[in-house]
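Please treat every number below as a calculation from the coordinates, not as lab data. Just so it is clear, the structure is predicted and the values come from calculations on it, not from any experiment. For neighbour counting, all protein chains shown are included, and Cβ atoms are generated from backbone atoms with ideal geometry for every residue, glycine included.
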Amino acid sequence: MHSGNDVAFEPLQTADLAVDVEYDPEADAYRTDFDPAERSTSEAVVEAVAAATRTDVLSLPPLHSVVDADALDGLFAAIPGERLRFGRTAFEYAGCAISVSGSGDLLVEVDGTVEDV
């Protein structure tokens with residue numbers, strides 16, 4: 001769980017992160033959003049966890065060690081001519097509880113479990 005009083009912070013500068021993550025005190029978690037039509041869900045998850053934990057992406061364990069990254073990407077990938085996909089999935093990665101939706105909402109709870117999201 002987050003124990004600081006900061007409301008938001010900038011992503012790490014040690015890696016080329018393309019996500020802006022903000023702390024949400026009501027959820028006690030970090031939030032970001034991404035466009036599934038422009039980037040993969042797996043990239044967004046890894047970068048959001050790196051920013052939320054202030055860890056270089058190269059220091060994180062491989063995402064495929066906990067979830068099938070291709071399946072995750074396919075679950076919410078945009079299909080030309082179709083609307084965004086709906087749904088939500090949750091899993092644990094690098095000591096964080098992750099919740100991601102087809103609309104691109106991503107929640108990272110540091111030191112959380114799936115039951116928390």
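Full extension from E38 to V57: what is 0.36 nm times the residue separation minus their Cα-Cα distance, to one decimal in nm?
On the way: separation 19, 0.36 × 19 = 6.84 nm, distance 1.97 nm.
Difference between extended and current length: 4.9 nm.
Where does each of E109, E22, E92 land when they are ranked from fewest to most other beta-carbon atoms within 10 angstrom?
E22, E92, E109
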If each of F91 and L75 carries a label point 7 Å out from its Cα toward its Cβ, how far apart are those two points in nm?
0.6
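With a 10 Å Cβ neighbour count serving as the proxy for reagent exposure, in which order, fewest first, do V114, V67 appear?
On the way: V114 13, V67 17.
Listed from fewest to most nearby Cβ atoms, that is V114, V67.
Going by how many other Cβ atoms sit within 10 Å of their own, how do T53, T113, T32, T89 line up, fewest first?
Values: T53 19, T113 12, T32 22, T89 16.
Fewest-to-most ranking of T53, T113, T32, T89: T113, T89, T53, T32.
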Between S65 and E26, with labels modelled 7 Å along Cα→Cβ, what's the label distance in nm to one decimal, could you check?
3.5
